[in-house]
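Colleague: Please read through the structure below; I'll follow up with questions.
The values are calculated or read from the model by the stated rules, or taken from the named source; none is laboratory data. No experiment lies behind these values; they were computed from the predicted model shown. Cβ sites come from the backbone with ideal geometry, for glycine too, and all protein chains shown count toward neighbours. All accessible areas refer to the heavy atoms of the entire protein, side chains included, with ligands and DNA or RNA removed. Shrake-Rupley method; radii C 1.70, N 1.55, O 1.52, S 1.80 Å.
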Amino acid sequence: MEYASFQDVLKTRRSIREFTEERVGISDIEDIIDCARYAPSDTNSQTWEFIAVINSEKIKQIEEFTWEKLHETAARAAGKGLEREAKLLVKSFGPYATAFSGAPALIVCLSTPYTSKFREKIFDPIDFVSPEVWQEEGLKSSCLAAQNLMLAAHAKGLATCPMTGPVLLAEEKLREFLDIPADRGVNMVIALGHPAIAPKPVPRKEVAEILRIVE
């Protein structure tokens, strides 16, 4: 594989919030999940699962209860005298958090608790860390798989946009709606579809700003 080709896939991916009406085939979804599962994970624990919602009415329902929770949050803020912030939450964050509504598919990325022979035979017997840490370990690996997913989708000519709005605002409702087990973490949702727009590149920090080399 040529580095330049790989770099092109990385650098031309965009977060897309406007999609055509063309549906995403199940075979395409299976292909990108196949790529997602090849992400690295802590001791090969593979702490990820995915739910693909391809029913537009169900996606619309997720949008609706996300907006409902957002308005409830704004109302609480206004009740505390934070009217300006409440208005900004609805006007600015609302459309941003629900931009998946026009996508023909929505991938819900889940994390599973970290389990391994190391945890079973060493870590848990000595109370190495609290149980909450293992949930976080699962989440880290799930994020790596989500990146694989988005790059694979881009390589197939599809567009994605990762979002945490429905998780931050309405995780309990999302769990209930999709029957997500309590021991699964809800990492993010990823809008998936055929792009209707081609955004320009956004500025990136220079390497010198984010890299410190220790010799």
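Colleague: Report yes if some residue within the stretch 141-163 is without any contact (Cβ under 8 Å) to a residue 40 or more places away in the chain and charged (D, E, K, R); otherwise report no.
Modeller: No; the residues of the stretch 141-163 include none that is without any contact (Cβ under 8 Å) to a residue 40 or more places away in the chain and charged (D, E, K, R).
Residues are listed down the side, and each one gets a yes or a no for (1) under 24 Å from Gly138 (Cβ atoms); (2) open to solvent by 70 Å² or more (accessible area, probe 1.4 Å); (3) modelled with pLDDT under 95; (4) in a loop (DSSP other than H, G, I, E, B):
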site	(1), (2), (3), (4)
Ala4	no, no, yes, no
Val24	no, no, no, yes
Ile29	yes, no, no, no
Ala39	yes, no, no, yes
Ile51	yes, no, no, no
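Colleague: It is to be established whether one or more residues within the stretch 7-14 are open to solvent by 40 Å² or more (accessible area, probe 1.4 Å), in contact with a Leu (Cβ under 8 Å, 6 or more places away or on another chain) and either closer than 25 Å to Thr112 by Cβ or polar (S, T, N, Q) (or both).
Modeller: Within the stretch 7-14 (the criterion being open to solvent by 40 Å² or more (accessible area, probe 1.4 Å), in contact with a Leu (Cβ under 8 Å, 6 or more places away or on another chain) and either closer than 25 Å to Thr112 by Cβ or polar (S, T, N, Q) (or both)), the answer is no, since none of the residues qualifies.
Colleague: What's the total number of residues in the stretch 79-93 that are surrounded by fewer than 19 Cβ atoms within 10 Å (Cβ to Cβ) and in a helix (DSSP H, G or I)?
Modeller: Number of matching residues: 10.
Colleague: Next question, about the same structure. Kindly indicate whether Glu57 is surrounded by 12 or more Cβ atoms within 10 Å (Cβ to Cβ) and under 21 Å from the mean Cα position of the chain (by Cα).
Modeller: In short, no.
Colleague: Could you list, ordered by first residue, the pairs with Cβ atoms under 8 Å in which the first is in the stretch 181-196 and without any contact (Cβ under 8 Å) to a residue 40 or more places away in the chain and the second is of a type in the set (D, E, K, R) and open to solvent by 20 Å² or more (accessible area, probe 1.4 Å), at least 6 apart or interchain?
Modeller: Short answer, once both residue conditions are applied: Ala182/Arg175.
Colleague: What number goes with the only condition from (1) touching a residue at least 12 places away in the same chain (Cβ under 8 Å); (2) farther than 18 Å from Ala159 by Cβ; (3) open to solvent by 90 Å² or more (accessible area, probe 1.4 Å) that Arg76 does not pass?
Modeller: (1)
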